[in-house]
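The structure appears right after this line, and notes come after that.
The values are calculated or read from the model by the stated rules, or taken from the named source; none is laboratory data. Not measured: the values here are computed from a predicted model. Every residue, glycine among them, receives a Cβ derived from its backbone with ideal geometry; neighbour counts consider all protein chains shown. The protein model used for the area step is the full one, side chains on, heavy atoms only, and it has no ligands, DNA or RNA in it. Shrake-Rupley method; radii C 1.70, N 1.55, O 1.52, S 1.80 Å.
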Amino acid sequence: MCGRFVLRASPQNLQMLFELDEAPRTGPRYNIAPTQPVLAVRTNPHGGLREATYLNWGLIPFWAKDPKIGSRMINARSETAAEKPSFRAAYKYRRCIVPADGFFEWKKERGGKQPYLIGLESGEVFGIAGLWEHWERDGSAVESCTLLTTAANAFMEPLHHRMPVILDRQDYDEWLDPGVQKAGPLLHLMRPFGGAPMRAVAVSKLVNNARNDEPGCVEPAGA
């Protein structure tokens, strides 16, 4: 799964990497947690242009009676998301990419669970495949998202059996294409990441508390 992640890239870097008309309004985030707003790249549902916007992390299905269901929908299994009632409409019509430059995973070790920050060895930003949804009831409207997961690659297996679906840059257009509304043509993107080398660094347990969002969360353990 993916329950916390990091985004420290500059707005200008994000604009270039995701081919945005404007640089997004964003600052360094060191411990992004479920139910919080997350930056996402999507095709504008009204204009067809690519845009960056903020979505609540935890997808609320459009048919839900209670928005609190979103707290249980932070991840969706890529193998079944196109068929699940909670995600299938979003999989067809409302796909997005969530930028990150690292995500956290916890490993059982002597003395308790040790958090690790996982990302590309280069430190570059990557895009996680996501789905978004618009929920509206009694005058209230919320746009929310979930992150897709897949089986771990060889690098991740010692830490966890699942990992986020990390898209290759050349696949961004295909994933965001509103003209693709069937799961079949997209399934080849739902693979364990096999691109650039990855790294995992044991970090401070400060990250364990979702209220902590500061540089110390990504400091190497024992530093």
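Points to keep in mind about this one:
- Label zone at ARG137 (point 7 Å along Cα-to-Cβ), backbone N below 13 Å, the range 67-101: 67-71
- Nearest-0.05 FRET efficiency for HIS46 and ASP177, computed from C-beta distance (R0 22 Å): 0.85
- Which label in (1) 127; (2) 135; (3) 159 gives the computed volume of the Cα convex hull per residue in Å³: (1)
- Taking the protein heavy atoms of the range 135-187 in the context of the full set of protein chains, the accessible area attributed to carbon and sulfur is 49 percent at 1.4 Å.
- Average accessible surface area per residue within the chain, 1.4 Å rolling probe, Å²: 49 Å²
- Pairwise FRET efficiency - GLU157 versus THR26, Cβ, R0 = 41 Å, nearest 0.05: 0.80
- Pairs of lysines in the chain whose Cα atoms sit within less than 21 Å of one another amount to 8, provided the residues are eight or more positions apart or on different chains.
- Measuring only protein heavy atoms, the 1.4 Å probe finds LYS92 accessible over about 90 Å².
- Here the Karplus curve 6.51 cos²θ - 1.76 cosθ + 1.60, taken at θ = phi - 60°, turns the phi angles of the range 27-40 into couplings of x, x, 10, 10, 7, 6, 10, x, 6, 7, x, 10, 6, 9 Hz, with x standing for Gly and Pro.
- Measuring only protein heavy atoms, the 1.4 Å probe finds PHE18 accessible over about 0 Å².
- Karplus (6.51, -1.76, 1.60) ³J(HN,Hα), θ = phi - 60°, over the range 123-135, in Hz, Gly and Pro reported as x: x, 6, 6, 10, x, 9, 5, x, 10, 10, 8, 10, 10
- 3J(HN,Hα) along the range 66-76: 10, x, 5, 4, x, 5, 9, 10, 6, 10, 9 Hz, from the Karplus curve 6.51 cos²θ - 1.76 cosθ + 1.60 with θ = phi - 60°, whole Hz, x for Gly and Pro.
- When all protein chains stay in place and ligands, DNA and RNA are ignored, the 1.4 Å accessible-area order of GLU133, GLU109, GLU22, largest first, is GLU22, GLU109, GLU133.
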